Each structure stands twice: as C-alpha cells, then as structure tokens.
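Engineer: Right, I'll just put the structure down here and ask away after.
The values are calculated or read from the model by the stated rules, or taken from the named source; none is laboratory data. What you see is a predicted model; the values in this text were computed from it and never measured. Here the Cβ is made from the backbone with ideal geometry for all residues, glycine too, and neighbour counts use every protein chain on show. Keep in mind that these areas ignore ligands, DNA and RNA; they rest on the heavy atoms of the full protein, side chains included. Shrake-Rupley method; radii C 1.70, N 1.55, O 1.52, S 1.80 Å.
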Amino acid sequence: MKERLEALKHEAVAQLNSVADAAQLNDLRVKYLGKKGALTEILRGMGALSAEERPVIGQVANEVRSAIEALVEEKQQYFQRRETEERLAAEKVDVTLPGRPLKQGGIHPLNQVIQDIEDIFIGMGYRIAEGPEVETDYYNFEALNLPKNHPARDMQDSFYLTEELLMRTQTSPVQVRTMEAMKGEVPVKVICPGRVYRRDDDDATHSFQFHQIEGLVIGKNIRMSDLKGTLLQFTREMFGPNTQIRLRPSFFPFTEPSVEVDVTCVKCGGDGCRVCKNTGWLEILGSGMVHPRVLEMSGYDPEQYSGFAFGMGVERIAMLKYGVDDIRHFFNNDLRFLGQFARI
Ligand SMILES: [Zn+2]
C-alpha cells in the first residue's frame, strides 16, 4: 500500500508539473484529492491493514496528501498571477500618446457686443430685464402710446400671429413690463437686450430679425442732460475716449421730446470718409424723454416722475465697431467670419 501511495504521489507531481491552465489544474485536484479521487480510493483499503501498519501508512498518506495539496496551491497562485499579468498587459494605456486636439469655440460677435454693452450699463448701476419675443399688441404698441390705427404703426411692419399677438418689433415692451412690475416704485434703471422682428427684406443693412438693447430710467428730476451724459459715457466706453455725440430732434410715439443720437465717425474721427458719407457723423440710436402718457399708462404719475429711454440696434453697433459692411455676415454662420472675433 505504501508503494501505491508513493506511485500516486509520483504520478500526481508529474502531472501537476506539466499542467497548462487553471481549468486543467482543477480537474487534477479533483482527480487526486476529491471525495471520489485516487487518494481516497487507496485509503479505503486501510481497514484491511494490521494495527501496527495502520499508523505508518496513515502518516505516509498524510504526507502524500500534503505534498499534492501544496503543489496544487502553488500552481493556483501561479495561474492567478499569470491571469492578472495578462489582464494588465491587455488593458495597458500608453499615456505618452499625444491627445486629440479639441476645437475651441468662441462667443458670437453679437453676443460679445451685447455683453460689452451690458457691462458698461451694469457699471452705471443698471440691471438687466428681459421679456417675451411673442408679445401682445398692448405691450408692443398700445402701452407705448401707439393706439390701433395710429399712423406711426406703419413705421414698423410686423409679423402678426393672431389679431392680438405678434413677434415683438422692438424691445420697448420690456420697458412697459418693467414699469408695471415696479408698481410705481423708483428708481427704475434697466437695460433690456433681446431679439426683435420686422417684415423687412434682408439686404446688406436690413434683416427680418435683429437685436436691440433698450434702456429705461425713471425717477425724480430725470432730465435730458442725464440722458445726454449717460449716452456720452456709453459711447466713449464703446467706441473710444475721444468720441463725441450730437443729438438731432426726431419723433417716436413713446418719447417726448425725441432725439436721434450720432457719434463721431469711428473710421475718420469726424473728418469725413466713405463710411460716414463725408458727414463725420454716424447715427447709432434713438432716444428721448419718456412720454407722460406712457408713464401714466404704466402707473407712474408724470407730475412727480420723469425718465428717459433709448434703444439701439446691436448689429448696427457691431458693424460700426468692427467695420462689418453686411449685416448678413452675422447670421450666415461662416466660420471664416466668426473666427475673427474669437476671444480666448
Ligand atoms: Zn467717417
């Protein structure tokens, strides 16, 4: 029996030493050490042994079992280590490879100009107000002193959605909404940027959709000189410290008196050139003192309060500032154009 045990050990060691993988190892473990394995099979014969032989053979059997178990253990660890190494090798990342470059975007030039204008007015204590682009006839016209059938409505060809709803033709309705929300409180000091819509044919200077920034100030003793000082400060920050402005009388239904505001030509500085058609001046915005009727309709007593309002086209400001000669460049999304304005 001892010889059989030694032979078994010899055979098991030889097979285990040439085992190829973990699955095969498991098969061998079952074959030699399992409940129905070869070792158990031999030990069944222990009963037939004499009392003297039994402990001797028992010890040999234990040694054989220990030897096989130790080898199985060793092989298991070897296969585990090998598996880990193979996985690490397969999942290896070469961190020295150069990355794929990301294309960097930029802010659209119109948004940049809007942000610049907002920054200037926020610096003067204004806050930003916004309103809906689909507007009621009341806010877009009536509350701005443009009752139905008023001839000045023809100044703005509108996109009507229903009898009472239209795409707003100006950002001025946000003035009215702000005044209503303030419920007669002062000071009101807001700028209102946003998109507006007119039934215009697109050409180099017109677009059916463009951007305006409206400004509104209401308080006690607000005068025309406040308007002029504010606009002078704004234009100097926008176009340079030597910029001059001039006010020309004009007409808007919602301001009285109304003025058009010109700045000294951004190209020639006032000497006269092609851009300013040799006048030295460029028109940039319309403004005036808020019409008493507009104040009254939105809950402000014109005997106590006064205010000024102004509105400018963002595209026009951008075209003058950057020397762009066609408004359509802003909307065609040509990256060769837009890329020139990218600020990092
Ligand atoms: Zn000029």
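Engineer: Which log10 I(q)/I(0) values does the chain give at q = 0.06, 0.14 Å⁻¹ under the Debye formula, counting every alpha carbon as one identical point scatterer?
Structural biologist: -0.44, -1.11
Engineer: Nothing charged except the Cβ atoms of Lys and Arg (+1) and of Asp and Glu (-1): what's the magnitude of the dipole of the chain about its Cα centre? Round to the nearest 20 debye.
Structural biologist: My answer is approximately 780 debye.
Engineer: Once amide H atoms are placed 1.01 Å from N in the peptide plane, what residues at a sequence separation of 5 or more from A129, or on another chain, have their amide H within under 5 Å of its amide H?
Structural biologist: I191, C192
Engineer: Can I ask one more? Which of the helices in the chain, when you take each full DSSP H run, stretch at least 27 Å along the axis at their Cα atoms and have an average Kyte-Doolittle score of -1.0 or higher?
Structural biologist: Membrane-span-like by this rule: 53-90.
Engineer: Further question on the same structure: So what is the relative contact order for segment 246-344, in percent, with contacts set as C-alpha pairs under 8 Å and at least six apart?
Structural biologist: It comes to 20 percent, rounded to a whole number.
Engineer: Let me ask another. Hey, what number do you get for the chain at 222 nm if only DSSP H runs of n ≥ 4 count, each worth -39500 (n - 2.57), divided across all residues, to the nearest 500?
Structural biologist: -12500 deg cm²/dmol
Engineer: Could you work out the relative contact order of segment 15-99? I mean the mean sequence separation of Cα pairs under 8 Å and 6+ apart, divided by the number of residues, in percent.
Structural biologist: 31 percent
Engineer: Taking a threshold of 28 Å on the Cα-Cα distance, which of the pairs K31/K92; K148/K321; K148/K228; K148/K277; K277/K321; K9/K35 fall above it?
Structural biologist: As for pairs spanning more than 28 Å Cα to Cα, those are K31/K92; K148/K321; K148/K228; K148/K277.
Engineer: To one decimal place, what orientation-averaged projected area in nm² is obtained for the convex hull of the Cα set of segment 37-115?
Structural biologist: Computing the convex hull of the Cα atoms and averaging its projections yields 12.3 nm².
Engineer: Mind checking the alpha-carbon convex hull of segment 230-344 and giving the volume per residue in Å³?
Structural biologist: 155 Å³
Engineer: Can you compute 3J(HN,Hα) from phi for each residue in segment 251-258, using the Karplus curve 6.51 cos²θ - 1.76 cosθ + 1.60 with θ = phi - 60°, rounded to whole Hz and x for Gly and Pro?
Structural biologist: Those phi angles translate into 9, 9, x, 9, 10, 7, x, 10 Hz.
Engineer: Please report the relative contact order for the chain, taking Cα pairs under 8 Å with a sequence separation of at least 6, and give it as a percent rounded to a whole number.
Structural biologist: Computed value for the chain: 15 percent relative contact order.
Engineer: Quick one: compute a quarter of the convex hull surface over the Cα atoms of segment 158-206 and quote it in nm².
Structural biologist: 4.7 nm²
Engineer: Under a 1.4 Å probe, what is the accessible area of segment 214-321 per residue, stated in Å²?
Structural biologist: 46 Å²
Engineer: Here is a further query. Tell me the carbon and sulfur percent of the accessible area for segment 121-273, rounded to whole percent, probe radius 1.4 Å.
Structural biologist: It is 49 percent, rounded to a whole number.
Engineer: Could you check how many percent of all C-alpha pairs in segment 212-253 are farther apart than 18 Å?
Structural biologist: The proportion of pairs with Cα distances above 18 Å equals 39 percent.
Engineer: When you take every Cα atom in segment 245-313, what is the radius of gyration, and what is Dmax, the widest Cα pair distance, in Å?
Structural biologist: 15.4, 47
Engineer: Still on this model: If you average the C-alpha positions of segment 167-232 and of segment 303-344 separately, how far apart do those two centres end up, in angstrom?
Structural biologist: 15 Å
Engineer: Let me ask something else about it. Please arrange L102, L43, L71 by accessible surface area, largest first, computed with a 1.4 Å probe and ligands excluded.
Structural biologist: Of L102, L43, L71, the descending order of accessible area is L102, L43, L71.
Engineer: Turning to a different aspect of this structure: Which whole-Hz couplings ³J(HN,Hα) result when phi for each residue of segment 133-138 is put into the Karplus expression 6.51 cos²θ - 1.76 cosθ + 1.60, θ = phi - 60°, listed in order with x for Gly and Pro?
Structural biologist: 7, 8, 10, 7, 4, 4
Engineer: I'd like to know which of H211, S66, C265 lies farthest towards the positive end of the charge dipole of the chain, counting +1 on Cβ of Lys and Arg and -1 on Cβ of Asp and Glu.
Structural biologist: S66
Engineer: For the chain, can you list the cysteines whose C-beta has no other cysteine C-beta under 4.7 Å from it?
Structural biologist: That list is C192.
Engineer: Under a 10 Å cutoff between Cα atoms, tell me which one of D326, D157, D27 has the largest fluctuation in the Gaussian network model of the chain.
Structural biologist: The residue with the greatest mean-square fluctuation here is D27.
Engineer: State, to one decimal in nm², a quarter of the convex hull surface area for the C-alpha atoms of segment 52-209, i.e. the direction-averaged projected area.
Structural biologist: 26.0 nm²
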